[in-house]
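Here is the structure we will look at, set down as structure tokens.
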Amino acid sequence: MRYRKEHKQETKRRIIETAGRRFKRDGIDGSGVSTLMKDAGLTNGAFYTHFESKEDLVATAIAEQLKAQAENVVAQAKPGRAGLEQIVRGYLSVQHRDSLGDGCPNAALLDEIGRCTDATRQAYTDGVLVLIEGLAARMVPDDPSSARVKALSLLGLMAGTLQLSRALTDRRLAKALLDQGINNALAVLDAEQLV
């Protein structure tokens with residue numbers, strides 16, 4: 001039976017989306033092809049119809065996760081400092097902390113991405129640059145490129161705080177850390193005198 005072209009694209013999209021959630025929940029190394037394909041409701045044989053290797057899927061899934069974050073979180077935020085505060089508060093929320101599979105790929109996968117192939121690290125770099133462009137545009141609307149490193153530093157502060165909060169077993173301490181992270185991020189923004 002021959003499938004229409006759209007079916008193949010829909011199947012690939014389903015694999016990418018389910019793999020992105022599984023990678024964030026169980027890690028890249030903790031997610032084998034068999035498990036990923038089972039999550040997508042497909043057989044292992046179908047994998048190689050869509051991807052050359054697991055590493056190809058990893059790079060694609062990371063790029064798509066970052067693209068979705070840029071489109072659904074950053075691009076939807078209010079302009080200026082109000083938007084940055086909205087992003088910070090959403091990122092450093094208990095809901096985001098507890099939604100590993102649906103959360104940010106930075107906080108979930110950063111340590112593993114650093115050990116991936118150059119192609120995966122390049123896909124990550126390209127995706128994160130799009131993400132921080134939205135942050136930088138809110139920091140310095142007239143010259144966003146001048147705020148790229150500041151935006152990247154803000155993302156690092158948020159991702160590190162979220163990772164640490166996820167690792168703590170003391171939930172009150174973990175929540176206090178998120179609150180302090182919000183205060184720290186907002187203090188950085190205030191120091192920049194953003195409008």
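The values are calculated or read from the model by the stated rules, or taken from the named source; none is laboratory data. Source: prediction; values computed, not measured. Virtual Cβ from ideal backbone geometry, glycine too; neighbours counted across all protein chains shown.
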_Single residue of the stretch 36-94 satisfying the filter (of a type in the set (D, E, K, R) and exposed (fewer than 14 other Cβ atoms within 10 Å of the Cβ)) that is farthest from residue 121 (Cα to Cα)_ = 78
*Before we move on, is residue 159 at pLDDT 95 or above, touching a helix residue (DSSP H, G or I) at 6+ places or on another chain (Cβ under 8 Å) and over 20 Å from residue 61 (Cα atoms)?*
no
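Take the stretch 22-35 and flag every residue that is buried (at least 20 other Cβ atoms within 10 Å of the Cβ) and in contact (Cβ under 8 Å) with a residue 24 or more places away in the chain. Give the derivation first.
Let us first name the residues in the stretch 22-35 that are buried (at least 20 other Cβ atoms within 10 Å of the Cβ), namely 22-24, 28, 31.
Correct list: 22, 23, 24, 28.
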*asked:* Checking the structure you have, find out if any residue of the stretch 29-48 is of a type in the set (A, V, I, L, M) and under 25 Å from residue 156 (Cβ atoms).
replied: no
*asked:* Anything in the stretch 1-21 that is out of contact with any Gly (no Cβ under 9 Å at 6 or more places or on another chain) and surrounded by 14 or more Cβ atoms within 10 Å (Cβ to Cβ)? List them, or say none.
replied: 11, 12, 15, 16, 17, 19
*asked:* Take the conditions among the β-branched types (Val, Ile, Thr) and not in a loop (DSSP other than H, G, I, E, B) and apply them to residue 169. Does it pass?
replied: no
*Quick one: what pairs do we get from the stretch 48-64, first residue of a type in the set (D, E, K, R), second in a loop (DSSP other than H, G, I, E, B), C-beta under 6 Å, 6+ apart or different chains?*
55/117
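Being surrounded by 18 or more Cβ atoms within 10 Å (Cβ to Cβ) and touching a residue at least 40 places away in the same chain (Cβ under 8 Å) is the filter; apply it to the stretch 110-132 and report the residue that is nearest to residue 71 (Cα to Cα). Step through it out loud before you land on a result.
If we filter the stretch 110-132 for residues that are surrounded by 18 or more Cβ atoms within 10 Å (Cβ to Cβ), which is where we start, we get 113, 116, 120, 123-124, 127-128, 131-132.
Subset that is touching a residue at least 40 places away in the same chain (Cβ under 8 Å): 113, 116, 120, 123-124, 127-128, 131.
Working: 113: 21, 116: 25, 120: 21, 123: 17, 124: 16, 127: 11, 128: 12, 131: 8 Å.
Residue satisfying both the conditions and the ranking: 131.
Determine if the stretch 157-164 includes at least one residue that is farther than 16 Å from residue 91 by Cβ and assigned to a helix (DSSP H, G or I). Working first, answer last.
First pass over the stretch 157-164, keeping only residues farther than 16 Å from residue 91 by Cβ: none.
No, the stretch 157-164 contains no residue that is farther than 16 Å from residue 91 by Cβ and assigned to a helix (DSSP H, G or I).
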